[in-house]
1. Which residue is surrounded by the fewest Cβ atoms within 10 Å (Cβ to Cβ), if the candidates are limited to region 215-246 and must be of a type in the set (Lys, Arg) and touching a Phe, Trp or Tyr at 6+ places or on another chain (Cβ under 9 Å)?
2. How many residues does region 80-127 hold that are aliphatic (A, V, I, L, M), in a helix (DSSP H, G or I) and touching a residue at least 12 places away in the same chain (Cβ under 8 Å)?
3. I'd like to know if region 140-156 contains one or more residues that are closer than 19 Å to Ala290 by Cβ and assigned to a helix (DSSP H, G or I).
4. Against the definition (touching a Pro at 6+ places or on another chain (Cβ under 9 Å) and polar (S, T, N, Q)), how does Thr241 come out, yes or no?
5. Can you run down the residue pairs with Cβ atoms below 8 Å, 6 or more apart or on separate chains, where the first is in region 161-182 and over 13 Å from Thr287 (Cβ atoms) and in contact (Cβ under 8 Å) with a residue 12 or more places away in the chain and the partner is outside any helix (DSSP H, G or I) and among the hydroxyl-bearing types (Ser, Thr, Tyr)?
6. Among the residues of region 179-203, write down those that are modelled with pLDDT under 85, surrounded by fewer than 16 Cβ atoms within 10 Å (Cβ to Cβ) and in a helix (DSSP H, G or I).
7. Go through region 128-137 and count every residue that is exposed (fewer than 14 other Cβ atoms within 10 Å of the Cβ) and part of a loop (DSSP other than H, G, I, E, B).
Amino acid sequence: MDEKKMFDKAKKPITRGYADHKITTLQEGFAATNNLADLEEIKVPENCNVCDDGSTPITDDLFELAHHDTSEAERIGYSNYSYWGSTFRVFFKKKISVILLVFLVALLAFTFIQPLLPNQKDSYKVYNDENGATLRNVAPNEEFWFGTNSIGQDLWSRIWKGTRTSLFIGICVAVCNIVIGLILGSIWGYARKLDWLFTEIYNLFDNIPYTVLRMLLMYILRPSLKTMIFVMCLTGWIGMTKYIRNLILIYRDREFNLASRCLGTPSSKIIAKNILPQLISVVMLQTALAIPDAIGSEVFLTYIGLGLPVEIPSLGNLINEGRKVMLVAEQRYQLLFPVLIVSAITISFYALGNAFADASDPRNHK
C-alpha cells in the first residue's frame, strides 16, 4: 500500500466522528480504521476544524508520543518470589514444626537461664542433712526436684548443665562436619581430575570403623571436652563428604551448568550459585541429624568409660551413673530423667530437620 492510500485510510475514520478521540500511536489509528465501520456516527465537536469537503484534517494535536518505560515492562513480567520467604512461610504453616522449634529453643535457653534462677543448687556440691549425713539417692521431692545421685549431688542442676554440655558438643561437631563435608564434597564431585585422589582418601578412612577409631583416639588422648569434639570432627566429615559428592554428580552435568561452562563461568561460581542452592534441603536435614548423632556418640563413649571425665556433667555421664543403679526400683529416676532428655532432643531434631527439608524444596512452594 503506497503512502497516499495509507494516508487516506487513516483520515477516513476521523471524518466519521473520531476527531475527539486522542490516538496515542499511528498503529492505533490504523487499527481503529478496521473496526470503525461498526460504530455509529459521532457528531464532530463544534470547535473542531473541518475541511471544506467535511473531513477533519490530521494535525499533530491528535497524537501524543507513547513513551517506552523499561521499568514498567519489568514490573509486569516480574514474579515477586523469594526463596527463603517461601521456605519459611511453608515451614511455619505446620504447627508441629513451630512447636518443635519453640521446644528446642526453650530447652537450649533454659540450660543457660537455669543457674540464674532463684533457689537453684550447685551441680557440684554434695548435700548433707542436719546431722551431717550425705543425702544420697534421695527420691524427687520439693527440695530436690529430680532427686540426688549416689554421692548426694542435685540431679536437677546436673541434668541441665549436662544438657548444655551435650548440646554444645553436638552443635560444634555438626557445624564442623557440614562445613568440611560441603567444601571437600563439592571439590570431589566437580573436579574430575581429583576424583581418584579423594576416592583413595575416602577408602583409607572408611575402611576403619568410626566407633573403633573414636575409642582408640579417646583412649590415647587425654579425655576432655576439646578432645571429644576433635575426635568426632576427625571422623564425622567422611560420610558427609561422600554424600555431598554423590549429589554434586547429579547436578554437575545439567543443562544450565553446561551452558555456564560454555560461557566461561568460573567453577567456584557454578558450584556456589548453581549447585549448592539445590542441596539446601538435604544439607539442613543432615545438619539436624548430625546434632543428635554427636550427642549419641558422646553418650556411648562416656557409657563405656572413654568419654568425658566424671567431674564434667553431661548426658552421657548422667546415663552412665543411672545405669549403675537401674536395678534398684527406687533409684531408677537417675536413669529416667537423662534418657527422657536425650530422647526428646533426638526426636525433635529429626522431625524438625525433615520439616525444614520439605519446606526448602522449591516444589512445595506455591
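The values are calculated or read from the model by the stated rules, or taken from the named source; none is laboratory data. Please read all numbers here as calculations on a predicted model, not as lab measurements. All Cβ positions, even for glycine, are placed from backbone atoms using ideal geometry, and neighbour counts span all protein chains on display.
1. Filtering first and then ranking leaves Lys242.
2. First, the residues of region 80-127 that are aliphatic (A, V, I, L, M): 90, 96, 98-102, 104-109, 113, 116-117, 126.
When the remaining residues are screened for being in a helix (DSSP H, G or I), the result is 90, 96, 98-102, 104-109, 113, 116.
Among the residues that remain, those that are also touching a residue at least 12 places away in the same chain (Cβ under 8 Å) are: 90, 96, 100-101, 104, 107-108.
The qualifying residues number 7.
3. Within region 140-156, the first condition is being closer than 19 Å to Ala290 by Cβ, and the residues that meet it are none.
No, every residue in region 140-156 fails to be closer than 19 Å to Ala290 by Cβ and assigned to a helix (DSSP H, G or I).
4. Against the criterion (touching a Pro at 6+ places or on another chain (Cβ under 9 Å) and polar (S, T, N, Q)), Thr241 does not qualify.
5. If the second residue must be outside any helix (DSSP H, G or I) and among the hydroxyl-bearing types (Ser, Thr, Tyr), the pairs left are Lys161/Ser123; Gly162/Ser314; Thr165/Ser314; Ser166/Ser314; Ile169/Ser314.
6. Across region 179-203, the qualifying residue is only Arg192.
7. Qualifying residue count, region 128-137: 5.
Here's the yes/no breakdown for (1) touching a Ser or Thr at 6+ places or on another chain (Cβ under 9 Å); (2) in contact (Cβ under 8 Å) with a residue 40 or more places away in the chain:
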{"site": "Ile244", "(1), (2)": "yes, yes"}
{"site": "Ile270", "(1), (2)": "yes, yes"}
{"site": "Thr287", "(1), (2)": "no, yes"}
{"site": "Met326", "(1), (2)": "no, no"}
